[in-house]
Amino acid sequence: GVVVDAGGGRWAVPLVLDNGLRRAGAGDGTAERFLGWLASAGRAPGFEARSWRSERVRGERAVTGDQTNESIVVGERAVVKWQVRLPSDGEPADPAAARITTLMDQGFTSMPRAWGIVEAGTALVATVVDYLPGALDGWDWAVSDARRFARGDLDEAGAARPAARIGAITAELHEALASTGRAWASPVQLRSWRDAARRELAEAECLVGGPEGARLVSWAPTIAAAYDAFPLLDGTVLTDTHGDLHVGQILRRDNEYLMTDFDGNPVAPPDERGVKAPPAADVAGMLASLDHVARIILHRSPELDPAAVQDWIGLTQEVFLVAY
């Protein structure tokens, strides 16, 4: 159901009738019955469902760990994700429903297969996708790859293969999402991006200390000069994008790479998560995350040769860009 709290916030809450109405958890059967409802082309007042796969499965368990939303694995086959916090009146809709629908309609297969989505008005209430046992996200598999490369246990071809696949997947994603239409950046938008980037740079200079802070300060004029070129990019193409693309959004299982999480940047204001943006922003996010992988290793594994770790950054970034 959808409930409203005293402050006007809206929440999607799985419920069960058990000596009164209470919040449902794993084992209460709510996620099972929800999948059955989807499989039978479910209809309910105030809700709209779209289903791509009809299957009834049994057995529930919770997905543990810190999550923005709440996920239940059903029958070890599907993951039901309750969105929990819904947009308030006047807030834009979560972009995930539109993005998943577009990708399914366009035949994009490099993501966990969607079973269905349910919305209440324009608010996404729940999504159902394939459960992928054994899949690791990039903060696990990419860190492992980079560490193995630095130790000499993974050759260049092995290190390059994932980056090439991710580059190709990202290009396929952007081609599919561009089917919803294109827009072009205006001078006003370009100036706003430049000004926001300048503010973030100034904030970073204040917050980052030590050797890294000193390095940032030395590079700040060069970075700021790059930002000053933003107004010259009038006419930059804008399309729907992933919106929060980084290596952690790439699952790997049995040498298969799948993209996840189409909700947009969770720390961005709601009105910015679903807007059209330059596809280059996704590309930059992935490039930055490959660099972040190496920084994790340099911090946690000081015994490794820093030059070899840096080589992994250069190799994977170049291969990703070429494949894209």
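The values are calculated or read from the model by the stated rules, or taken from the named source; none is laboratory data. Please read these numbers as outputs of a predicted model, since none were measured by experiment. Counting neighbours? That spans all protein chains shown, and the Cβs are built from the backbone with ideal geometry, glycine included. Remember, those area values only see protein heavy atoms, side chains included, never the ligands or the DNA or RNA. Shrake-Rupley method; radii C 1.70, N 1.55, O 1.52, S 1.80 Å.
Residues are listed down the side, and each one gets a yes or a no for (1) at pLDDT 95 or above; (2) more than 18 Å from residue 127 (Cβ to Cβ):
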| position | (1), (2) |
| --- | --- |
| 252 | yes, yes |
| 258 | yes, no |
| 272 | no, yes |
| 282 | yes, yes |
| 290 | yes, yes |
| 296 | no, yes |
- Message: Within the range 9-18, does at least one residue satisfy the condition of being part of a strand (DSSP E or B), open to solvent by 40 Å² or more (accessible area, probe 1.4 Å) and free of Cβ contacts under 8 Å to residues at least 40 places away in the same chain?
- Response: yes
- Task: Of the conditions (1) assigned to a helix (DSSP H, G or I); (2) touching a Leu at 6+ places or on another chain (Cβ under 8 Å); (3) modelled with pLDDT under 95; (4) open to solvent by 30 Å² or more (accessible area, probe 1.4 Å), residue 93 clears all except one; give me its number.
- Result: (1)
- Flagged in the range 19-58 as in contact with a Leu (Cβ under 6 Å, 6 or more places away or on another chain) and open to solvent by 90 Å² or more (accessible area, probe 1.4 Å), in numbering order, are 21
- Test residue 184 against the stated conditions and say whether it is surrounded by 12 or more Cβ atoms within 10 Å (Cβ to Cβ) and under 29 Å from residue 262 (Cβ atoms). no
- Task: Taking residue 257 as meeting all but one of (1) open to solvent by less than 30 Å² (accessible area, probe 1.4 Å); (2) closer than 26 Å to residue 93 by Cα, write down the number of the exception.
- Result: (2)
- Message: Against the condition open to solvent by 60 Å² or more (accessible area, probe 1.4 Å) and either in contact with an Asp or Glu (Cβ under 6 Å, 6 or more places away or on another chain) or at pLDDT 95 or above (or both), how does residue 144 come out, does it pass?
- Response: no
- Message: Could you go through the range 272-292 and let me know if any residue there is over 23 Å from residue 160 (Cα atoms), more than 15 Å from the chain's Cα centre (by Cα), in contact (Cβ under 8 Å) with a residue 40 or more places away in the chain and open to solvent by less than 60 Å² (accessible area, probe 1.4 Å).
- Response: yes
